[in-house]
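Have a look at the structure below, then the notes.
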Amino acid sequence: VLGVLWDAIGFSFVYGTSAGGIIGGFDFLLLRGVSYSDCHANAPTIPAAEFALFMMMFAVITPLLMTGAYAERMGFKYALILSVAFEVFVFYPVAHWVWGGGWLATQLGTLDFAGGIVIHTTAGAG
């Protein structure tokens, strides 16, 4: 589910044209314009589709870091709803702020080479 969500809206919300530094636009909805023949600005040496797949790994694993806190305490349906809501309302905006050219990257010059800011702080906040 989280992989499909990333392909549908996630990559676009993280790496699309910034809307006030808060969230990305609709440039890459359903991975439109993401191909194996072109590169993305954030990864100029690999195909854009490969970059999208690589970044999906982080998007999928981040909400799963929280599962230890609620494992066997809530049903699968509610865990799935929580994971999807977390992706859309927490992970995608913060990933855009840091990785996608949002306000933390442009105004404060924040760099996150290993993903610790986006992945671990959002999972901890969740």
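General remarks:
- Restricting the stretch 21-46 to residues that are without any contact (Cβ under 8 Å) to a residue 12 or more places away in the chain and in contact with a helix residue (DSSP H, G or I) (Cβ under 6 Å, 6 or more places away or on another chain) leaves a set whose member that is surrounded by the most Cβ atoms within 10 Å (Cβ to Cβ) is Ala43.
- The stretch 47-62 - residue that is among the small types (Gly, Ala, Ser) and buried (at least 19 other Cβ atoms within 10 Å of the Cβ) and, of those, nearest to the chain's Cα centre (by Cα): Ala59
- Total residues in the stretch 64-97, condition farther than 26 Å from Ser12 by Cβ and among the aliphatic types (A, V, I, L, M): 3
- Inside the stretch 64-99, residues that are crowded, with 17+ Cβ neighbours inside 10 Å and of a type in the set (Asp, Glu) make up a count of 1.
- Residue count, the stretch 1-27 (criterion: farther than 11 Å from Pro93 by Cα, part of a helix (DSSP H, G or I) and of a type in the set (Val, Ile, Thr)): 2
- With respect to being farther than 17 Å from Val1 by Cβ, in a loop (DSSP other than H, G, I, E, B) and in contact with a helix residue (DSSP H, G or I) (Cβ under 8 Å, 6 or more places away or on another chain), Val118 falls outside the description.
- Looking across the stretch 6-33, the residues that are of a type in the set (A, V, I, L, M) and farther than 17 Å from Ala59 by Cα come down to Ala19, Ile22.
- Checked against the criterion of being in a helix (DSSP H, G or I), on the phi > 0 side of the Ramachandran plot and over 13 Å from the mean Cα position of the chain (by Cα), the candidates Leu104, Leu30, Leu80 yield just one match: Leu30.
- Qualifying positions in the stretch 75-87 - within 30 Å of Gly24 (Cβ to Cβ) and not aromatic (Phe, Trp, Tyr): Lys77, Ala79, Leu80, Ile81, Leu82, Ser83, Val84, Ala85, Glu87
- Restricted to the stretch 107-126, and to residues there that are modelled with pLDDT under 85 and surrounded by fewer than 15 Cβ atoms within 10 Å (Cβ to Cβ), the residue that is nearest to Tyr92 (Cα to Cα) is Ala125.
The values are calculated or read from the model by the stated rules, or taken from the named source; none is laboratory data. Everything numeric in this text was worked out from a predicted model, so none of it was measured. As a convention, Cβ positions derive from the backbone with ideal geometry for all residues, glycine included, and neighbour counts pool all protein chains shown.
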